[in-house]
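Report on the following structure.
The values are calculated or read from the model by the stated rules, or taken from the named source; none is laboratory data. Here the structure is a predicted model, which means the values were calculated and not measured. Cβ: placed from backbone, ideal geometry, glycine included. Neighbour counts: every protein chain shown. Just the protein is used for accessible areas: all its heavy atoms, side chains included, with ligands, DNA and RNA removed. Shrake-Rupley method; radii C 1.70, N 1.55, O 1.52, S 1.80 Å.
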Amino acid sequence: MFLEKINSPQDLRKFKNEDLVKLASEIRQKMIEAVSLNGGHLASSLGAVELIIALHYCLNTPTDKIIFDVGHQAYAHKIITGRAEVFSTLRQYEGLSGFPLKDESEFDVFTTGHSSSAVSLALGLVCARDRIPPAGSFKVVAVIGDGSLSGGLCFEGLNNAGHLKKDILVILNTNELSIAPNVGAISNYLNKIISLPVYNHFRESLVNFLSSRGPRAERLLKLASKFEEGLKGLFIPGVLFEELGFRYFGPLDGHNLDLLIPALKNILNIKGPRILHIVTKKGKGYFAAERDPVRFHGTGPFDIQTGAAITKTGGKKSYTEVFGEKLLELARLDNKIVAITAAMPEGTGLDKFRDSFPERFFDVGIAESHAVTFSAGLAKGGLKPVVALYSTFLQRAYDQIIEDVALQNLPVVFCIDRAGIVGEDGVTHQGIFDISFLNTVPGLVNMAPKDGEELKEMLEFALRLNKPVAIRYPRGEIDSLSDNKTVSKIELGKPEILREGVDFAIIALGSMVSSSLEAAELLKKEGYSGAVINARFAKPLDIESFRALGNKSKFIFTAEEGIIDSGFGGALEDLISKSVIKIGLPCKFIPHGQRELLLEKYGLSAKAIADKIKLVICPR
């Protein structure tokens, strides 16, 4: 076992190339075993094993810095950098994070989880390095994927890096079949030549010689540049990066260590902004992930022998499924309904809509800001856009929600999946801020259903409302709270009384309605009579309805699966001019772990809510 000999990246350099190939296989096996039990981002990490081995082999980490875009491809990085023995704790509470985490290891430069930021982070680090002596004392590498390039922030970083001419290496790891023909003997041979020191010495000498040719120097330099660009352009799709000010190398076979290591060593010794383009296979080394890389991009537990998902029994639908089915039903009745997502059709439940109405479905790539502004244009043109995004990724489009949708009062419906605690994906993915940041947007209606049936009704209501609307719902299966699958009429800003009581009232939002009902039932067994109200809206709140509820009970509690600061509870307290005991999440970054465990830890389980209420109404 070669992996047993790896305690740090320095140990890699003791291995021969053929041993590194065997090591890559062992790393893949360790990944597959851990993810089969805990779930995770498998396909991308399997595809990046050789790249990460080559990077740590050629760099002096952690002095030299590797910044992974998103970080879902960095499992091999964790294994190589001293975390192999605890890799089985991946995505478990107090275990390893599924993404780079700065507090977990000195090798993780930043905590990352969102796309397209690596180039900007790396460039900032480079500029700081060059300002603080000893200048240029370490190398900085940003690793991005083809998905990163669909985000505008990545191009902003590339544009600035090319302009500043800083010493930075960007590695572009792609797996699109459209570029596969460029990965061949001619391209590999040409790039081996271009990266060699002798070629680059010759190139610099030629430039110096031509520069001394007097009046003809400028013309000769242009001719030489065109010749080199033309030669590379025959085989290499790198002209765009060259125009941005980068030296371009590639594409290279990202699984060939015999090619990758020497090329990387040579390229690291070249100064200025450089891009090394490699091509890898998503899911490499595991038959099921190679066959279905989309499913294994982010997977739950599965059977290694068959690749089949291991699902919990119960057969309940998720909010995601209910949303996707209802939108498809409504779209069949109204051809003005269109659906937009940002590289997440399966994750948001829009895959069936895509397959049924491809001409009315828009996947804009990892470009949430564009998704929102694009939807504003669709709405202005008379269509009915429904934008489905995860809560954590909607954060990336806050300005566009305000300026391009709300300010224009356009009827865009935001369906916010994974709102609240998402669980194992952790600190970068918890959807706990959307209530607070959306409640500050003028004119936007902010809703949350108590169950799947109410989600269906809210979607219909939102599409009729003719103004900006957000509907938030959590990850996970649904417990139906609606009798006989009927939902009382939804009226703008008005709550629904689910249970009467005299000792206290819980006004719960969305996912917290179920837990609040359970809490009231627990307290009933101890002799306390509590009312439970389904708020339905975080904004607007009907003044008369909520003030009337406030006057009925001495103790008013609110429950929400979001941060308390600037949240639903605070808005209600301001409205009814009465003290409200707010139950929710603290304004802090929530770590990874099972959703149920985290809800209990932060006081949002039924028992925790009941205990909090009892402590207030009957203090010891």
Hey, what angle do you get for helix 17-38 against the long axis of the chain, alpha-carbon based, 0 to 90 degrees rounded to 10? 0 degrees
Distance check, please: which entries in LYS456/LYS489; LYS166/LYS284; LYS78/LYS312 exceed 23 angstrom between their Cα atoms? LYS166/LYS284; LYS78/LYS312
Scan of the chain for GluC sites (Glu not before Pro) in DSSP loops with at most 12 other beta-carbon atoms within 10 Å gives a longest site-free stretch of 177-499
Using the Cα centre of segment 54-105 as the reference point, and only Cβ charges (+1 on K/R, -1 on D/E), how large is the resulting charge dipole? Debye, rounded to the nearest 20. 60 debye
Modelled FRET efficiency - R0 35 Å, ALA217 with CYS127, Cβ distances, 0.05 increments: 0.65
Solvent exposure of the chain as accessible area per residue, Å², 1.4 Å probe: 43 Å²
Could you tell me whether the chain comes out rounded, prolate or oblate from its Cα gyration tensor? Rule is a ≥ b ≥ c as square roots of the eigenvalues, rounded for a/c under 1.5, then prolate if a/b exceeds b/c, otherwise oblate. prolate
Would you mind calculating the gained length between LYS16 and LEU492 on full extension (0.36 nm times residue separation, minus the Cα-Cα distance), in nm to one decimal? 164.5 nm
Over the chain, with every protein chain in place, what whole percent of the accessible area is carbon and sulfur at 1.4 Å, could you tell me? 54 percent
Relative to the longest principal axis of the C-alpha atoms of the chain, give the angle of the C-alpha long axis of helix 512-524, reported between 0 and 90° and rounded to the nearest 10°. 40 degrees
How high is the relative contact order of the chain, in percent, counting Cα pairs under 8 Å that sit 6 or more residues apart? 11 percent
Taking +1 at the Cβ of each Lys and Arg and -1 at the Cβ of each Asp and Glu, which of HIS297, GLY152, GLY570 sits farthest along the dipole of the chain towards its positive end, judged by Cα position relative to the Cα centre? GLY152
Point-to-point label distance, SER529-ASN269, nm (Cα→Cβ direction, 7 Å offset): 8.5 nm
